[in-house]
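A short write-up of the structure that comes next.
The values are calculated or read from the model by the stated rules, or taken from the named source; none is laboratory data. Here the structure is a predicted model, which means the values were calculated and not measured. We place every Cβ from the backbone using ideal geometry, glycine too, and count neighbours over all the protein chains shown.
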Amino acid sequence: MKTEEFSKHLLQSRIFDTYVGAVFFGTVIFFVLNSSFYTPLEMMIAIVFITILFKGLANIMISMTISLFNLSNEQDRVEFEKSSNSLESLVNDLAIQEAATQSNKTIKNG
């Protein structure tokens with residue numbers, strides 16, 4: 001569940017789409033500045049293939065980030081919260097029992 005939530009937030013952040021867009025515009029600027037060395041057909045083909053290549057790399061980075069996401073800290077936190085809730089309820093029960101014992105003593109003495 002945490003992995004699904006993490007991957008959903010990762011995809012909604014659109015950071016990898018920004019990465020691919022930056023690569024696209026960087027490639028376009030490169031070919032515009034070096035237009036005397038390349039024909040228009042070479043430029044278009046290179047821009048398309050470089051953009052596809054970096055989109056593939058972005059997808060690989062997304063999948064690696066999701067697969068390497070460490071859940072052990074989340075599990076420890078959940079176990080700690082579960083233990084603290086259990087201990088808190090036990091302490092509350094003990095306080096109730098102690099209050100009942102004190103009221104019984106005052107009733108017997110009074």
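Only one residue in THR39, THR65 is surrounded by fewer than 11 Cβ atoms within 10 Å (Cβ to Cβ) and of a type outside the set (Gly, Ala, Ser). Which one?
None of the other options fit; the residue is THR39.
Checking the structure you have, find out if any residue of segment 16-36 is exposed (fewer than 15 other Cβ atoms within 10 Å of the Cβ), within 30 Å of VAL78 (Cα to Cα), out of contact with any His (no Cβ under 7 Å at 6 or more places or on another chain) and among the aliphatic types (A, V, I, L, M).
Within segment 16-36, none of the residues are exposed (fewer than 15 other Cβ atoms within 10 Å of the Cβ), within 30 Å of VAL78 (Cα to Cα), out of contact with any His (no Cβ under 7 Å at 6 or more places or on another chain) and among the aliphatic types (A, V, I, L, M).
Could we say that ILE29 is at pLDDT 90 or above and assigned by TED's automatic domain parsing to the domain that holds GLU4 here?
For ILE29, the condition - at pLDDT 90 or above and assigned by TED's automatic domain parsing to the domain that holds GLU4 - is met.
If I filter segment 79-89 for residues that are touching a Lys or Arg at 6+ places or on another chain (Cβ under 8 Å) and either among the acidic types (Asp, Glu) or closer than 27 Å to THR18 by Cβ (or both), do I get at least one hit?
Within segment 79-89, none of the residues are touching a Lys or Arg at 6+ places or on another chain (Cβ under 8 Å) and either among the acidic types (Asp, Glu) or closer than 27 Å to THR18 by Cβ (or both).
Hey, can you tell me all the residues within segment 18-58 that are of a type outside the set (A, V, I, L, M, F, W, C), in a helix (DSSP H, G or I) and without any contact (Cβ under 8 Å) to a residue 24 or more places away in the chain?
Correct list: THR18, GLY21, GLY26, PRO40, GLU42, GLY56.
Within segment 59-94, which residues are aliphatic (A, V, I, L, M) and either outside the structural domain of THR27 (by TED's automatic domain parsing) or modelled with pLDDT under 90 (or both)?
MET61, ILE62, MET64, ILE66, LEU68, LEU71, VAL78, LEU87, LEU90, VAL91, LEU94
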